[in-house]
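Colleague: Mind having a look at this structure? Questions to follow.
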Amino acid sequence: MTNSSPPPSLGSGRPGSRTAYVAALLVGTLALSAVLAYQVVDAHRSHQNVAKKTVGEQAGVAAWAYAGAARRMLLDKLMWPAVDVVGRAGGEFPDRALTWDTLSVLAAEKQWPHLDDMVFAFRVDLETEKGTFIGHGSHETVEWVKASAAGWAAHRSGGSQPTMVIPPSGSPGPVIYVTYPEAPEPARVLFGAALYESALEETLALAFESTALLPAALTGATPNDELFSCAVLNGANESLFRSGAPFEPEFVGTDTLGAQYAGLRTEVRVRPELARTLVIGGFPRSRLPLVFGLMALTGGLVFAAIFQLRREGELARLRADFVSGVSHELRTPLAQIRMFAETLALERVRSDEERTRSVDIIVNEAQRLSHQVDNVLLFSRSERGRMHLDRSRTDLSAILDEVLEAFAPLARAAGVQVVLESGGAIQADLDGDAIRQVLLNLLDNAVKYGPTGQTVTVGAARAPGGQAIVWVEDEGDGVPPDQAKEIFDPYSRLERHRESAVAGSGIGLAVAREIVRGHGGDIWVESAMGGGARFVVRLPCETQPQPASA
């Protein structure tokens, strides 16, 4: 005994579930893309921060280098020469005269250019607290120096290094002093000079211009003033020197010159536009436009895929309705044919009249069956773009007569009267069989969806511009204006007919439209005078009727 499982049902698939599953995968893909995009953005931001931090550190190195250069330049070019000239002119010895003429001679010998920048020179005897001042210093500054001398001497560092201090506001510039003799001997004299601020500014500018603040491997041949803006600030955050207009404070480095140099601070700002040159490889390029573009593209593709899935689901539903409708329309005539054929085969007819009636029903249902099969074949060809029209010179009125004659039994069976309104012979280049199918489809719709006992009017007439008009008018409920175009789409049926007992495949009007358009014509529906539907077909034809043959 063998175990066998039943074959899977053709309808066991669940398109809705599959669509939801695929949609979930697509949304998951979009979410994953968003996460990856965030990671890219975060990595780019991190790289930017590292690069900016590097530039900030480079600015700190530049500030440190400038502070060192400023110390050396101040000591060598300004502070040592100033105290040396004053000391040799008598500053070291309280018993010697301290004169401006002596200062001038010694400054000329040493070729010191800042004698003109000297406000006054001074000497203070620390033992007697007597001071000697030559020059034109303000009384406030002179008194401040005399009052501060003892404190300066008490807090001197080792050796005989000169020291610079910044007087209170209102003073023209720095004061430079030194004590004598050198430590560790106790200081007996404190002497020095007060200078204009221009001497300090000139010396600091020389330090800025003559010093490479960063290695040439980073700056290349770029001058300092193009890459940096430097400033020297006092304790009150006032600028004593500035190399030029300050750059934006995005990359700033600071350092201090130390107490020997009045606690001055250096501030170096890197020009933002050239900051990338200080980082090997430059700043990382922004990937945000590319990332956002790819995200938008991914999102668009995902939504397009979801839309297509929904459309596929809708098409699957329409195809299912189509298969159901076609099956019903094919099964009904087949059932009739089989029933009456069996009646004839088993000789169950009671009279010749019943025999004739059975044969007529078989013929009529066979015609209906043939009509439905032709519709399906034509629809299949149009879907594949393979519909072929064999056009030739044809009398449209004759086609109408043939169609009405063939359709008459079906109309009588449905209790419908068909009336013809024709305007004479109309010659046109047509595929006669295809136009017959169009008319049969329109008549079938009129009978199927109209009331029993109605009158269906079929007509043909010439129209201006070398065209012919054919119409089929019924007395049914008509077509809502908002669905007048939709009903010509494949598988489309009116809402009120989808759940009704009236079977339909939804392809008859779609086939009619394709055939008419293949002839270069058009088809539409409008409201009839009596409230029904009036389907109109416009076809190109001759402008003048053909002359009758002799």
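Colleague: Within the group Leu278, Leu218, Leu195, Leu214, which residue is over 17 Å from Arg72 (Cβ atoms) and at pLDDT 90 or above?
Modeller: Leu195
Colleague: For segment 377-392, give me the residue count where each residue is at pLDDT below 75 and surrounded by fewer than 16 Cβ atoms within 10 Å (Cβ to Cβ).
Modeller: Residues meeting the conditions: 6.
Colleague: Same structure again: Run Met387 past the list (1) touching a residue at least 40 places away in the same chain (Cβ under 8 Å); (2) within 24 Å of Gly508 (Cα to Cα); (3) in a helix (DSSP H, G or I); (4) not assigned by TED's automatic domain parsing to the domain that holds Asp431 and report the number of the one that doesn't hold.
Modeller: Of the numbered conditions (1) touching a residue at least 40 places away in the same chain (Cβ under 8 Å); (2) within 24 Å of Gly508 (Cα to Cα); (3) in a helix (DSSP H, G or I); (4) not assigned by TED's automatic domain parsing to the domain that holds Asp431, the odd one out for Met387 is (3).
Colleague: Looking only at segment 147-166, which residues are under 23 Å from Leu103 (Cα atoms) and in contact (Cβ under 8 Å) with a residue 24 or more places away in the chain? First the steps, then the outcome.
Modeller: Kept after step one, since they are under 23 Å from Leu103 (Cα atoms), are these residues of segment 147-166: 149, 160-166.
Within segment 147-166, Ala149, Gln161, Pro162, Thr163, Met164, Val165, Ile166 meet the criteria.
Yes or no, residue by residue, for (1) under 60 Å from the mean Cα position of the chain (by Cα); (2) among the β-branched types (Val, Ile, Thr); (3) surrounded by 14 or more Cβ atoms within 10 Å (Cβ to Cβ):
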{"site": "Met73", "(1), (2), (3)": "yes, no, yes"}
{"site": "Gly90", "(1), (2), (3)": "no, no, yes"}
{"site": "Leu103", "(1), (2), (3)": "no, no, yes"}
{"site": "Lys130", "(1), (2), (3)": "no, no, no"}
{"site": "Trp152", "(1), (2), (3)": "no, no, yes"}
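Colleague: Based on this model, can you work out whether Val472 counts as touching a strand residue (DSSP E or B) at 6+ places or on another chain (Cβ under 8 Å) and of a type outside the set (S, T, N, Q)?
Modeller: So Val472 passes the test.
Colleague: Are there any pairs with C-beta distances below 6 angstrom linking a residue in segment 107-128 that is among the aromatic types (Phe, Trp, Tyr) to a residue that is at pLDDT 90 or above, with the two at least 6 apart or on different chains, and if so which?
Modeller: Trp112/Pro81; Phe120/Phe133; Phe120/Gly135; Phe120/Ala194; Phe122/Phe133; Phe122/Val145
Colleague: Looking only at segment 21-44, which residues are surrounded by 13 or more Cβ atoms within 10 Å (Cβ to Cβ) and either more than 17 Å from the chain's Cα centre (by Cα) or among the charged types (D, E, K, R) (or both)?
Modeller: Going residue by residue through segment 21-44, those that are surrounded by 13 or more Cβ atoms within 10 Å (Cβ to Cβ) are 22-23, 26-27, 29-30, 33-34, 36-37, 40-41, 44.
If the condition is that a residue be surrounded by 13 or more Cβ atoms within 10 Å (Cβ to Cβ) and either more than 17 Å from the chain's Cα centre (by Cα) or among the charged types (D, E, K, R) (or both), then Val22, Ala23, Leu26, Val27, Thr29, His44 are the ones that fit.
Results for (1) crowded, with 20+ Cβ neighbours inside 10 Å; (2) more than 18 Å from Arg71 (Cβ to Cβ); (3) of a type in the set (A, V, I, L, M); (4) within 60 Å of the chain's Cα centre (by Cα), shown as yes or no for each residue.
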site	(1), (2), (3), (4)
Ala121	yes, yes, yes, no
Val142	no, yes, yes, no
Thr163	yes, no, no, no
Ala205	no, no, yes, yes
Phe208	yes, no, no, yes
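Colleague: Please find, within segment 518-539, the residue that is farthest from Gln467 (Cα to Cα) out of those that are modelled with pLDDT of 90 or more and within 45 Å of the chain's Cα centre (by Cα).
Modeller: Val525
Colleague: Also, quick follow-up: Could you count how many residues in segment 393-447 are in contact with a Gly (Cβ under 7 Å, 6 or more places away or on another chain) and at pLDDT below 85?
Modeller: The total comes to 1.
Colleague: Mind checking which residues of segment 87-106 are touching a residue at least 24 places away in the same chain (Cβ under 8 Å) and within 14 Å of Gly192 (Cβ to Cβ)?
Modeller: Going residue by residue through segment 87-106, those that are touching a residue at least 24 places away in the same chain (Cβ under 8 Å) are 87, 89-94, 98-100, 103.
Correct list: Gly87, Ala89, Gly90, Gly91, Glu92, Leu98, Leu103.
Colleague: Tell me, which residue of segment 475-486 that is within 39 Å of the chain's Cα centre (by Cα) and in a helix (DSSP H, G or I) is nearest to Arg381 (Cα to Cα)?
Modeller: Among those that are within 39 Å of the chain's Cα centre (by Cα) and in a helix (DSSP H, G or I), it is Glu486.
Colleague: A further question on this structure: State yes or no: is Asp374 touching a residue at least 60 places away in the same chain (Cβ under 8 Å), surrounded by 13 or more Cβ atoms within 10 Å (Cβ to Cβ) and acidic (Asp, Glu)?
Modeller: yes
The values are calculated or read from the model by the stated rules, or taken from the named source; none is laboratory data. The structure displayed is predicted, hence computed values, not measured ones. Every residue, glycine among them, receives a Cβ derived from its backbone with ideal geometry; neighbour counts consider all protein chains shown.
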